[in-house]
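K.L.:
The structure's right below; bear with me while I get my questions together.
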Amino acid sequence: MIQDLPIADRPVRLLLISRKWFCDDPSCSLKVFTERYDWLAPHSRRTLRAEHILRQIAFSTSCLAAEKIAQAIHLLLLKSFFLRFLMKSIAKIRLNLQKIAIFY
Ligand SMILES: [Zn+2]
């Protein structure tokens with residue numbers, strides 16, 4: 001189930017059935033190909049637009065306030081979620097900065 005932004009004060013979860021393709025070529029490094037979507041990051045359980053809104057909330061306020069805002073817009077997420085979300089986002093930023101530093 002994929003979490004999306006609420007519609008008319010109702011939580012939205014999408015049941016996504018992705019197609020998979022299998023490669024018969026023994027020399028191919030990719031044995032399984034899974035369908036990708038421009039609105040969902042690979043392996044994510046949340047749409048990109050939901051991630052965007054949650055990131056804006058997480059970086060705008062405390063985790064406790066973020067939990068209250070999320071509940072007000074019917075995204076049932078706890079403050080511990082926002083703490084993990086911030087830590088993951090910061091880790092990605094650090095990794096990108098390292099890549100930039102190595103590149104230059
Ligand atoms: Zn192949």
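K.L.:
Placing one identical point scatterer on every Cα of the chain and ignoring solvent, what is log10 I(q)/I(0) from the Debye formula at q = 0.13, 0.14, 0.18 Å⁻¹?
P.N.:
Debye output, listed in q order: -0.65, -0.72, -0.96.
K.L.:
Tell me the label-point distance for the pair His43, Lys68, using the 7 Å Cα-to-Cβ offset, in nm and rounded to one decimal.
P.N.:
Those two pseudo-labels are separated by 3.5 nm.
K.L.:
To the nearest 0.05, what FRET efficiency results for Gln98 and Asp9 with a Förster distance of 35 Å applied to their C-beta separation?
P.N.:
0.25
Values quoted throughout were computed directly from the atomic coordinates according to the rules given, and no laboratory measurement underlies them. Small disclaimer: the values here were computed from a predicted structure and weren't measured. Virtual Cβ from ideal backbone geometry, glycine too; neighbours counted across all protein chains shown.
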